[in-house]
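Participant: This is the structure I want to talk about, given as structure tokens.
Only the coordinates and a few stated rules stand behind these numbers; no lab work does. Model, not experiment: these values are computed from the prediction. Here Cβ is always computed from backbone atoms with ideal geometry, including for glycine, and neighbour counts include all displayed protein chains.
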Amino acid sequence: MTKTNKKAGTKTAARRPRTGAGQRAGSRNSGKEATPPAAAEPIAPAASPSATPARQTKKGSILALLQRPKGAAINDLTEATGWQVHSVRAALTGLRKEGKELVRDKNEAGVTLYRIAEER
């Protein structure tokens, strides 16, 4: 069976409707019993949570830079994450919404630095 694409004027093969998983028409295994999956080995518990290093996330790297005494410039944050400037600013807004207090200062060269305010 073929269909004609009216715009391109070409013919393509029509697709059959899909059946559910394991319900293929004319399946060879229709009379056979399904084999059970292999028994999985039990998973050993981790030694301790402190022994396994946590995966470093981009949000975590932003927090680490913002916790420095002098803070971090937007350029530092974009280099650490690989994000664009507007994405870094959105992440800073997200941190504010989470309750983090961000302080914005300018250094001698006029570059804006962001840092997390010290807890009281």
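Participant: So which residues in the stretch 79-98 are loosely packed, with under 12 Cβ neighbours inside 10 Å and closer than 18 Å to Ala64 by Cβ?
Facilitator: Those that are loosely packed, with under 12 Cβ neighbours inside 10 Å and closer than 18 Å to Ala64 by Cβ: Gly82, Arg96, Glu98.
Participant: Tell me which residues, restricted to the stretch 88-119, are assigned to a strand (DSSP E or B) and without any contact (Cβ under 8 Å) to a residue 40 or more places away in the chain.
Facilitator: Passing the criteria: Leu102, Val103, Arg104, Asp105, Lys106, Thr112.
Participant: Can you pull out the residues in the stretch 68-120 that are more than 17 Å from Lys58 (Cα to Cα) and of a type in the set (A, V, I, L, M, F, W, C)?
Facilitator: Leu102, Val103, Ala109, Val111, Leu113, Ala117
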